[in-house]
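Here, each number is a calculation from the coordinates, and none is a lab measurement. On a predicted model such as this, the values are computed, not experimentally measured, just so you know. Heads up, the Cβs are rebuilt from the backbone with ideal geometry, glycines too, and the neighbour counts pull from every protein chain shown.
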Amino acid sequence: MFDFKREPRNLRCFLCGSNDLNIADLGKKLIDSSNFYNQNEKPPRFSYQLTVCRKCNHVEIKSSNPCWLSTRKHTFITYNEPSDYFPLIANLIRSIDIDFSDASIHAFSYKDFNLVDYLCEEIGISSVRKGDHAQTSDLWLPTIDTQGKMSEPIALKNFLGEIELNNKRHTIVLLSRFFDHASNIQLIKTMINLTSKSVHLIFDINDYQKLFYSSTLEYLWNERRNLFVKQEIEQLVKQLGTRCLAFAYESQTTSPTIFGLISNLVTNQVEVSPNNDFKFPKPNVIEHLELLRDKWAKILPLGSKLGIIGASHKGISLAQFVLSDNVLYSLHDDKEVLMGKTPPVDPPLGFHKFSDFDFSDYSHISITTTKTIATKIVPKVRASGFNGKILNFDCQILN
Ligand SMILES: [Zn+2]
């Protein structure tokens, strides 16, 4: 059993190592947002902080949970990933001059499976490995030998073993939503350094630079640890002596995305400025969080009753990071897999299904689902007789 208390807290910037950080406390004893547990279990709790480096502006969520990759706590939780830019990724792979009949394609997590299928058909690669190495965050805890020496997690050893055993000349690895969940620099370096062995990495990540200046904070949750912007990824890649092509993608259906290719065979090397000169506009994410906390505090006078509809990470983040401790709220979700589980937050008014719930004595409802689902929920809530305020995660009125 890992002794979490022995793990020293690292309050230095993940990227530049500076300890000059702006810090917002997110909570001292939080349960990971995907940890819907059984009633008789005692789930681990961790402290979380949102930090912005004053030196290089890197944004992080720091946690006392020592796992190297905060994927999810249980495999019954799954997340949908965007797919509308798959054709662009196929073009990106075609841009490297390799013999695709002597190449294999590997998924890193279940999130890559749809893209693997698409690329196999589009590019004609027949050697395919669809393993879910991301699995759950517990498999990404560092291992400790009998002398107490820490080494890499089992999940990383398994993944590297698969790449090592590959007998094709080229290896294409898909790393959907990897970089922001990685909380250990050795893990990121190990992945990027694979490119020296004819490995080509395809990645995607939220476009955080765009999100920092948007009107929402719903991208904040405790499994996203390093909120990399495009230049930071390009810079990391360059420092490790390889090459990267990264592009911003605007989608109508998903949040803005950065995707790209990391490979020694990238022909069009991206020029990035050296570390000391690199600055992007200061992210205002801490100020934004403080404003959002104030907004919710003002809109919920004493005695308000709030129903939070949607128990995925947004609903949990709202309860954990934004609402003050004395808010009377309940949490609602109709997902079958969550039935009978205890949520990672402790709603004073309980955890219930949404359908058939009587909200008539509630004053406020927050819908934290996607916009498309929210537009279907609003009329149902109104039809049930609820006549209070309906809001989204960002405390904006939904009609
Ligand atoms: Zn920094």
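Figures for the structure shown
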quantity: Relative packing of peptides 341-353, 197-209 - highest average C-beta neighbours within 10 Å first; calculated: 197-209, 341-353
quantity: Unpaired by the 4.7 Å Cβ criterion, cysteines found in the chain; calculated: C67, C120, C244, C395
quantity: Potential extension, K42-S304 segment - 0.36 nm per residue separation minus Cα distance; calculated: 91.3 nm
quantity: Only Lys, Arg (+1) and Asp, Glu (-1) charged, at Cβ; region 297-391 dipole about Cα centre in debye; calculated: 380
quantity: Check: the chain dipole with +1 on Lys, Arg Cβ and -1 on Asp, Glu Cβ, in debye; calculated: 800
quantity: Mean ellipticity per residue at 222 nm, deg cm²/dmol - from DSSP H runs of n ≥ 4 across the chain, formula -39500 (n - 2.57); calculated: -6000 deg cm²/dmol
quantity: Sequence of D325, D334 once ranked by neighbouring C-beta atoms within 10 Å, starting from the fewest; calculated: D325, D334
quantity: Spin-label pair C16/D358, simplified geometry with 7 Å Cα→Cβ offset, distance in nm; calculated: 5.8
quantity: Out-of-range pairs (alpha-carbon distance over 21 Å; input K28/K189; K29/K314; K73/K189; K298/K380; K295/K353; K62/K149); calculated: K28/K189; K73/K189; K298/K380; K295/K353; K62/K149
quantity: Cα-projected label distance for I154 with L291, points at 7 Å along beta-carbon direction, nm; calculated: 4.6
quantity: Distance in nm between pseudo-label sites at E250 and Q147 (7 Å out along the Cβ direction from Cα); calculated: 5.7
quantity: Three-way shape call for region 86-277 based on the alpha-carbon gyration tensor, with the a/c threshold at 1.5; calculated: rounded
quantity: Region 297-391, relative contact order in percent, only Cα pairs under 8 angstrom and at least six apart counted; calculated: 33
quantity: Value of relative contact order over region 113-244, rounded to a whole percent, pairs C-alpha under 8 Å and six or more apart; calculated: 19
quantity: Dipole moment magnitude, nearest 20 debye, region 4-63 about Cα centre, only Lys, Arg, Asp, Glu C-beta charged; calculated: 240
quantity: Within the chain, percent of DSSP bridges classed antiparallel, to nearest 5; calculated: 50
quantity: Candidate aspartates and glutamates for bridging to K341, where Cα separation is under 20 Å - those fewer than 8 sequence places away on the same chain excluded; calculated: D32, E41, D138, E223, D333, D356
quantity: The chain: relative contact order as a whole-number percent, Cα under 8 Å and 6+ apart; calculated: 16
quantity: Full-extension gain in nm, R382 to T216, via 0.36 nm per residue minus C-alpha separation; calculated: 57.3 nm
